[in-house]
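The values are calculated or read from the model by the stated rules, or taken from the named source; none is laboratory data. Remember, it's a predicted structure, so these values are computed and weren't measured experimentally. Because the Cβ atoms are built from the backbone with ideal geometry, glycine has one as well, and the counts that use them run over all protein chains shown.
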Amino acid sequence: MGEPKFRAKQVLKWIFEGGAESFEDMANIPKTLRAKLAKVATVGALEVAARQVSKDGTKKLAYRLSDGQIIESVLMPYSDGRRTACISSQAGCAMGCVFCATGQMGFKRQLSAAEIFEQAYRFSQELQKRGDRLSNVVFMGMGEPLANYKNVMEAVRRINTELGIGARHITISTVGLVPRILRLSQENIQVKLAVSLHAANDRERGALLPVNRRFPLSELMDACREYVDVSGRRMTFEWALIQGENDSAEVASELGRLLRPLKGMCHVNIIPLNPTDGYKGGPSMADAVNQFVEVLAKNGVPATPRIRRGIDIDAGCGQLTAKVSQDEVLGKGLL
């Protein structure tokens, strides 16, 4: 390009230290050079397509990939100082969970390790500019992380080493891909595992999560026990409470019996279902949530009711759809 060598150092500094999202952000680079660079390259693998902020402070970014696919990532700030990034591992999802908006859109493609890592990196850079830091990363965005195992694990290691986020502050979620759970148990990195359960018998779980027909609960629970035995790590089970479906005291007792062999080595996260257009079920009421937690406690299974976040901007668990509205592009509700 006929530019002096120091320009390359300036550009790299903007990318790796300045958190530049585009060449236009690079204030000390001549405008003519910025225009040249924009014609032949992009900054990173992700282009911001839209940004939204929830009334509870949750932030959602929609990214356009090089092939036009859209993915979404979420940053959740908590009053105790935690800053958690919820990132995607696939464009779309093939698992077809009936209450999940991502599952309803179908599978598009795997994300590369760079595309996965950059989601966490962008949030980390944004927080650093404000004198804050990213503390946790959860693979609970779009896609089934263990179905993109190699790229997810490469991204995990980069998040750990390059962003300085401890492995125990990184959580990988799965609907229950048994062979990959067993593979993860052998990894020499102390990440957390969360299994989306949502039902305590095969009939009901198969109706909600089609993957249960391939890996029934007996196989899944065997894999979870082996994971705990081999890795020595506690694990989490996720349970979306659906009013009148899986929120009764009887269901809680059934779940308690299912998890009894893992007593002392597991925890259940309880969250009322987040609404999606493609599923008619609704969230459980507060009384049902509290009763469910109490029954689990009586069965020796610790459980924590979680607060739904970002649901007004479709940023809650199961709500990510990669739909970018014209209002979002034009700036309504933007960060």
Residues of region 80-109 being surrounded by fewer than 17 Cβ atoms within 10 Å (Cβ to Cβ) and either in contact (Cβ under 8 Å) with a residue 60 or more places away in the chain or over 26 Å from Gly282 (Cα atoms) (or both), in sequence order, are Asp80, Gly81, Arg82, Gly96, Val98, Arg109
Just one listed residue, out of Ala240, Ala252, is among the small types (Gly, Ala, Ser), closer than 25 Å to Lys298 by Cβ, assigned to a strand (DSSP E or B) and in the same structural domain as Gly300 (by TED's automatic domain parsing), and it is Ala240
Of the residues in region 176-205, those that are closer than 21 Å to Cys317 by Cβ and assigned to a helix (DSSP H, G or I) come to Arg180, Ile181, Leu184, Glu204, Arg205
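Yes/no per residue for (1) among the polar types (S, T, N, Q); (2) surrounded by fewer than 22 Cβ atoms within 10 Å (Cβ to Cβ); (3) more than 19 Å from Cys93 (Cα to Cα); (4) in contact (Cβ under 8 Å) with a residue 12 or more places away in the chain:
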{"residue": "Ile181", "(1), (2), (3), (4)": "no, no, no, yes"}
{"residue": "Glu187", "(1), (2), (3), (4)": "no, yes, yes, yes"}
{"residue": "Ser196", "(1), (2), (3), (4)": "yes, no, no, yes"}
{"residue": "Asn201", "(1), (2), (3), (4)": "yes, yes, yes, yes"}
{"residue": "Gly206", "(1), (2), (3), (4)": "no, yes, no, no"}
Give the number of residues within region 209-224 that are surrounded by 15 or more Cβ atoms within 10 Å (Cβ to Cβ) and either among the basic types (Lys, Arg) or part of a loop (DSSP other than H, G, I, E, B) (or both). 3
Pick out the one residue from Ala101, Ala155, Ala113 that is within 19 Å of Gln190 (Cβ to Cβ), small (Gly, Ala, Ser) and assigned by TED's automatic domain parsing to the domain that holds Val178. Ala155
Among (1) under 16 Å from Ala252 (Cβ atoms); (2) assigned to a helix (DSSP H, G or I), there is one condition Thr304 misses while meeting the rest; what is its number? (2)
Restricting to region 150-178, what's the tally of residues that are under 14 Å from Cys93 (Cα atoms) and out of contact with any Phe, Trp or Tyr (no Cβ under 6 Å at 6 or more places or on another chain)? 3
Which ones in region 131-156 are of a type in the set (Val, Ile, Thr) and either part of a loop (DSSP other than H, G, I, E, B) or at positive phi (or both)? none
